[in-house]
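The values are calculated or read from the model by the stated rules, or taken from the named source; none is laboratory data. Owing to the predicted nature of the structure, the values given are computational and were not obtained by experimental measurement. Cβ placement follows ideal geometry from the backbone for every residue including glycine, while neighbour counts extend to all protein chains displayed. What goes into the accessible areas is simple: the full protein's heavy atoms, side chains included, and nothing from ligands, DNA or RNA. Shrake-Rupley method; radii C 1.70, N 1.55, O 1.52, S 1.80 Å.
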Amino acid sequence: MNAISIGPFVFSHDRFIAVLTIFAFVLAIEILARRRREIGDAIRFWGNIALVVWIIGARLGFVWTHWEAFAPDPWTVFAIWQGGFDIYAGVFAVGVALFAAFLARPRAGGPVLIAVTVAALAFVTSTLLLPNEAQGRIPAAGFADLTGAPVSLAQRDGQPLVLNLWATWCPPCRREMPMMVDVAGSQDAVDVVFANQGERAETIRDFLNTAGLPPDGMVRDPNNALMQEFELQGLPSTLFFAADGSLKAVHTGEISRAALLAGIEDLKRSGGGGQRATQE
């Protein structure tokens, strides 16, 4: 399992870790500001600067290294809810912000540095407690395409597999589907299969026709067997299987083009399976 369900909300481990890290930083800033009331406003100001600079720096670092994936849809640069941050670029950006804080308000720089340290400890601790483990193999169970023809996911002929679990009632599934179909059409060395969870063929066809998408690669999983097999907490979920059939990575939630292509490239580079899931 590599997701956490809180009421109606489902967080992949890496997104939940990000939330915990930000919460730890904001809480530390507020506690330090209250303890040092004479410079509380300055601590909050530079704390907010550090947080915003980290988000912008980490995002820009990720976009820079994956620009080819963003080029077809530049607006997705702003779709930060899909994930995609470069930790090292973020750390560099925070370092610049801290340097500026020490120059402008030396007394406020220390507390902000303490808050950054608390956030780093929260990140490391939560990462150790919530590892994104990907375990399992391509199931041997048979499925059917939209015409009723049998489909065996396990018969790979040496090809890696990207398996996307989705449903028409799922808004993020609907948003990511056109992009995923476009990427699937450009892949020769990796198979991409879309396994609909629990819906009738007519419902799936209606959605595809309305969206102008082809039925290629669509299969039905009427009993949600795949979600149960891999203990997935929500949709969409994208699973990356190596050529030997072992599960290499899992991405829970809407996936970006950059993250999808990065996962595919990782499958092409590795002939075997792995144990850790991809980052958002």
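Computed over protein heavy atoms with a 1.4 Å probe, the carbon and sulfur contribution to the accessible area of the chain reaches 62%. Annotation: extensible slack from Thr210 through Phe23 equals 63.2 nm (criterion: 0.36 nm per residue apart, minus Cα-Cα distance).
Near Arg36, once Lys and Arg are set to +1 and Asp and Glu to -1 for all other residues with Cβ below 13 Å from its Cβ, the sum equals +3. Select from Glu38, Glu229, Glu176 the residue whose mean-square fluctuation is largest in a Gaussian network model of the chain (Cα-Cα springs shorter than 10 Å). Evaluated over the chain, the most mobile residue of the options is Glu38.
Ranked by solvent-accessible area (1.4 Å probe, protein heavy atoms only, all chains present), the residues Glu231, Glu68 order from largest to smallest as Glu68, Glu231.
GNM on the chain, alpha-carbon springs under 10 angstrom: the most fluctuating residue among Leu260, Leu235, Leu20 is Leu20. In a fully extended conformation the segment linking Ile87 and Asp266 would gain 62.5 nm over its present Cα-Cα distance, using 0.36 nm per residue. For the chain, the longest principal axis of the alpha carbon atoms and the long axis of helix 201-211 meet at an angle near 60°. Once the Cβ-Cβ distance of Arg137 and Arg36 is raised to the sixth power relative to R0 = 41 Å, the FRET efficiency obtained is 0.15. Ligands, DNA and RNA are left out, and with a 1.4 angstrom probe the accessible area of region 148-280 is 42 Å² per residue. Binning the alpha carbon pair distances of region 1-155 at 10 angstrom intervals from zero yields the distribution 10, 28, 27, 20, 8, 5, 2, 0, expressed in whole percent.
Ranking Trp75, Ala97, Ala108 by Cα position along the charge dipole of the chain, where only Lys, Arg, Asp and Glu carry charges on their C-beta atoms, puts Ala108 farthest toward the positive end.
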